[in-house]
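First up is the structure itself, then whatever we jot down about it.
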Amino acid sequence: MSPLITAEELAALDDVTVLDVRWRLGGPAGIESYREGHVPGAVFCDLDADLAAPPGPAGRHPLPEAGAFQSAMRRLGVSGSRPVVVYDDADSTSAARAWWTLRYYGHRDVRVLDGGLRAWAQAGLPLTKQQEPVAPGDFTAVPGGMPVLDADQAAELADSGILLDARAPERYRGEVEPVDPVAGHIPGAVSAPTGQNVEPGGRFHLREYLRERFNTLGVVDGVPVGAYCGSGVTAAHEVLALEVAGLPAALYVGSWSNWVTDPGRPVATG
């Protein structure tokens with residue numbers, strides 16, 4: 001099953017949990033956009049509070065503990081037997097983090113609304129400001145559903161396989177660093193900006209296009225691959241694009257914000 005779903009396919013579903021995962025680095029809070037209009041029946045999912053642990057040495061968006069994530073998802077109405085669709089309004093970047101985290105904790109039927117809220121509106125489908133009561137879900141979080149990397153494993157993969165850096169090219173090169181205290185990239189990592197995963201309207205490129213894109217970066221069948229970014233959000237988008245292409249990949253959740261907490265770890269620029 002594709003990890004993506006169209007607006008028309010979502011509109012035709014009856015029994016589904018829809019999560020609105022709008023988020024911006026540095027704000028404004030996504031809940032405000034949600035209140036102004038969202039997919040009918042959608043529940044707001046807070047990336048910082050529901051999809052990550054508090055920031056610290058593990059990074060700016062560490063993986064939440066199983067118990068905390070399970071409680072958050074149950075509060076949002078997520079059940080293991082009911083499909084989940086996630087969306088945002090920014091090329092599916094934050095929605096991909098929700099998709100990945102649910103998959104990591106064992107939910108088997110999670111899809112991303114391809115094109116997000118823009119695609120929904122372009123299909124002529126309605127938005128609502130109404131917030132309906134949410135019946136608690138019964139989702140049980142069991143870790144291990146998706147492969148992960150720690151810092152040492154990421155460094156090893158950059159040498160023995162392919163480690164993709166999902167950030168903007170200028171951050172990869174170390175020319176700018178707007179968030180973290182050190183600029184640059186993990187030595188051996190390959191620049192693969194997530195912006196190239198989608199068309200101008202925000203929909204993902206076709207499987208064949210994505211497969212060719214990643215093939216040119218060295219990602220081919222049989223070669224281990226992983227992805228990282230600043231804090232494990234846009235890298236989840238990279239993993240999603242790789243899955244669309246039929247190329248499974250591991251996620252370094254701590255990403256650059258974890259890597260630079262140890263001054264002994266090497267940093268490359270250029």
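The values are calculated or read from the model by the stated rules, or taken from the named source; none is laboratory data. Note that the coordinates shown come from a computational prediction; the quantities given were computed from them, not determined experimentally. Methodologically, a virtual Cβ is constructed for each residue, glycine included, from the backbone with ideal geometry; neighbour enumeration extends over all protein chains shown.
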Answer yes if at least one residue in segment 116-138 is surrounded by 21 or more Cβ atoms within 10 Å (Cβ to Cβ), closer than 22 Å to SER255 by Cα and within 17 Å of the chain's Cα centre (by Cα), and no otherwise. no
Any residue at all in segment 169-176 that's assigned to a loop (DSSP other than H, G, I, E, B) and more than 27 Å from ASP91 (Cα to Cα)? no
Criterion violated by VAL85 - all others in (1) part of a strand (DSSP E or B); (2) more than 16 Å from the chain's Cα centre (by Cα) satisfied: (2)
Working only within segment 53-78, note down all residues that are free of Cβ contacts under 8 Å to residues at least 40 places away in the same chain and either over 19 Å from VAL179 (Cβ atoms) or touching a Pro at 6+ places or on another chain (Cβ under 6 Å) (or both). ALA53, PRO64, GLU65, ALA68, SER71, ALA72
May I ask you to list pairs of residues, at least six apart or on different chains, whose Cβ atoms are under 8 Å apart, with the first in segment 245-262 being within 23 Å of ASN215 (Cα to Cα) and the second being of a type outside the set (Phe, Trp, Tyr) and at pLDDT below 95? LEU247/ASP221
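Select, from ALA154, ALA158, the only residue that is among the small types (Gly, Ala, Ser) and either in the same structural domain as TRP99 (by TED's automatic domain parsing) or under 19 Å from the mean Cα position of the chain (by Cα) (or both). Outline the logic, then answer.
Details: ALA158 fails: either in the same structural domain as TRP99 (by TED's automatic domain parsing) or under 19 Å from the mean Cα position of the chain (by Cα) (or both).
Within the list ALA154, ALA158, the selection yields ALA154.
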Can you go through ALA123, ALA49, ALA135 and tell me which one is under 24 Å from THR234 (Cβ atoms) and not charged (D, E, K, R)? ALA49
Identify all residues within segment 220-242 that are of a type in the set (A, V, I, L, M) and within 19 Å of the chain's Cα centre (by Cα); write none if there are none. VAL225, ALA227, VAL233, ALA235, ALA236, VAL239, LEU240, ALA241, LEU242
Criterion (in contact with a strand residue (DSSP E or B) (Cβ under 7 Å, 6 or more places away or on another chain), outside the structural domain of ALA166 (by TED's automatic domain parsing), within 20 Å of GLU132 (Cβ to Cβ) and part of a helix (DSSP H, G or I)) met by exactly one of ALA72, ALA98: ALA98
Output the residues belonging to segment 184-238 that are surrounded by fewer than 17 Cβ atoms within 10 Å (Cβ to Cβ), touching a residue at least 40 places away in the same chain (Cβ under 8 Å) and in a helix (DSSP H, G or I). GLY195
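Touching a Phe, Trp or Tyr at 6+ places or on another chain (Cβ under 6 Å), outside any helix (DSSP H, G or I) and aliphatic (A, V, I, L, M): which single residue out of VAL18, VAL78 fits that description?
On the way: VAL18 fails: touching a Phe, Trp or Tyr at 6+ places or on another chain (Cβ under 6 Å).
The unique qualifying residue is VAL78.
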I'd like the full set of residues that are charged (D, E, K, R) and assigned to a loop (DSSP other than H, G, I, E, B), limited to segment 132-157. GLU132, ASP138, ASP150
Based on what the data block shows, is ASP152 free of Cβ contacts under 8 Å to residues at least 60 places away in the same chain and surrounded by fewer than 16 Cβ atoms within 10 Å (Cβ to Cβ)? yes
Quick one: in segment 33-52, which of the residues that are in a loop (DSSP other than H, G, I, E, B) and more than 15 Å from the chain's Cα centre (by Cα) is nearest to ASP150 (Cα to Cα)? ALA42
Test each condition in (1) under 25 Å from GLU36 (Cα atoms); (2) surrounded by fewer than 24 Cβ atoms within 10 Å (Cβ to Cβ); (3) in contact with a helix residue (DSSP H, G or I) (Cβ under 6 Å, 6 or more places away or on another chain) for ALA90 and report the one that comes out false. (3)
Residue, farthest from the chain's Cα centre (by Cα), within segment 243-270, restricted to residues that are surrounded by 24 or more Cβ atoms within 10 Å (Cβ to Cβ) and within 21 Å of LEU4 (Cα to Cα): ALA249
Here is a check on your reading of the model: is ARG103 under 13 Å from the mean Cα position of the chain (by Cα), at pLDDT 95 or above, surrounded by fewer than 24 Cβ atoms within 10 Å (Cβ to Cβ) and assigned by TED's automatic domain parsing to the domain that holds PHE44? yes
